[in-house]
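A quick write-up on the structure given underneath.
The values are calculated or read from the model by the stated rules, or taken from the named source; none is laboratory data. Just so it is clear, the model here is predicted, and its values are computed rather than measured. Cβ placement follows ideal geometry from the backbone for every residue including glycine, while neighbour counts extend to all protein chains displayed. Just the protein is used for accessible areas: all its heavy atoms, side chains included, with ligands, DNA and RNA removed. Shrake-Rupley method; radii C 1.70, N 1.55, O 1.52, S 1.80 Å.
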Amino acid sequence: MRLQKFLAEAGVASRRKAEELIVMGKVQVNGKVITELGTKVEPQKDIVFYENKKVQLKNFIYIMLHKPEGYVTTVKDQFQRPTVMDLLNISERVYPVGRLDYDTSGLLLLTNDGDLTYHLTHPKHNIEKTYEAKLFGIPSEADIARFQRGIVIDGKKTQPAKLEILQKDKKYATVHIVIHEGRNRQVRKMCDAIQHPVLKLKRIATGTLFLKDLPKGSYRYLTQKEIDYLKKQ
Ligand code: URA
């Protein structure tokens, strides 16, 4: 691998900036200052230093977890409740991308790629999230239109959202809800606002990544295609 690519992938700087650092004589390989741009390194073998710090490629991992109800989305809970970390059997330290409530189940992404987490949870870039919910009562066409216009919760209007009724009986409706932000208890608050409170809530997709038949409490690693898709968002 070319030295500038290695530095960029290790998060030292962009590839262009890394080239400048090399030319400036700030990078050492196996104890020698290297200023030539074409230099190749073997990431597992060669020892690279930048400003007296060892540079290493990170082993990023990306996980999709089917979170059950009754788990908190934090690394440690102050009330000693089970956390989503208890469901993972891995040695890397990963962090949840956004949050699902204690009583919500469904798709939760976890990674140690801080850059991706930052972009996916940034209010400006928010990727659409799809939920399946059981609601008390049957939303009307007017309620659906309110979702489309956005609903004021906590004094601020949400972005347009979708509400689609999948099934209904006398008392309850099963619906799909699509939102773009990740505000605190957003789906529950939006449904409270139309007076059809949520009885059960499950996130079934983040963008085009679907939970599908991943069993509750289980997790899997994302495929390279799925990782590339998330990075493009
Ligand atoms: N909206 C909610 O109300 N709860 C969640 O867990 C996720 C979205």
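General observations
- Extreme residue, farthest from the ligand (Cβ to nearest atom), among residues of segment 104-156 that are surrounded by fewer than 18 Cβ atoms within 10 Å (Cβ to Cβ), in contact (Cβ under 8 Å) with a residue 40 or more places away in the chain and of a type in the set (S, T, N, Q): 112
- Qualifying positions in segment 185-215 - within 20 Å of residue 65 (Cα to Cα) and of a type in the set (S, T, N, Q): 206, 208
- All of (1) assigned to a loop (DSSP other than H, G, I, E, B); (2) at pLDDT 95 or above; (3) farther than 25 Å from residue 73 by Cα hold for residue 147 with one exception: (1).
- Condition check for residue 159 on (1) closer than 23 Å to residue 69 by Cβ; (2) part of a loop (DSSP other than H, G, I, E, B); (3) within 15 Å of the ligand (Cβ to nearest atom): one failure, at (1).
- Among the residues of segment 134-162, not one is touching an Asp or Glu at 6+ places or on another chain (Cβ under 7 Å) and within 14 Å of residue 196 (Cβ to Cβ).
- Looking only at residues of segment 201-211 that are within 13 Å of the ligand (Cβ to nearest atom) and not hydrophobic (A, V, I, L, M, F, W, C), we find that the one that is farthest from residue 101 (Cα to Cα) is 206.
- Yes/no for residue 167 being touching a strand residue (DSSP E or B) at 6+ places or on another chain (Cβ under 8 Å), among the polar types (S, T, N, Q) and not in a strand (DSSP E or B): no
- Within segment 162-200, being open to solvent by 90 Å² or more (accessible area, probe 1.4 Å), more than 13 Å from the ligand (Cβ to nearest atom) and under 26 Å from the mean Cα position of the chain (by Cα) holds for 162, 164.
- Considering segment 1-80, there are no qualifying strands (runs of 3 or more DSSP E) wholly inside with 3 or more residues that are open to solvent by less than 70 Å² (accessible area, probe 1.4 Å) and modelled with pLDDT under 95.
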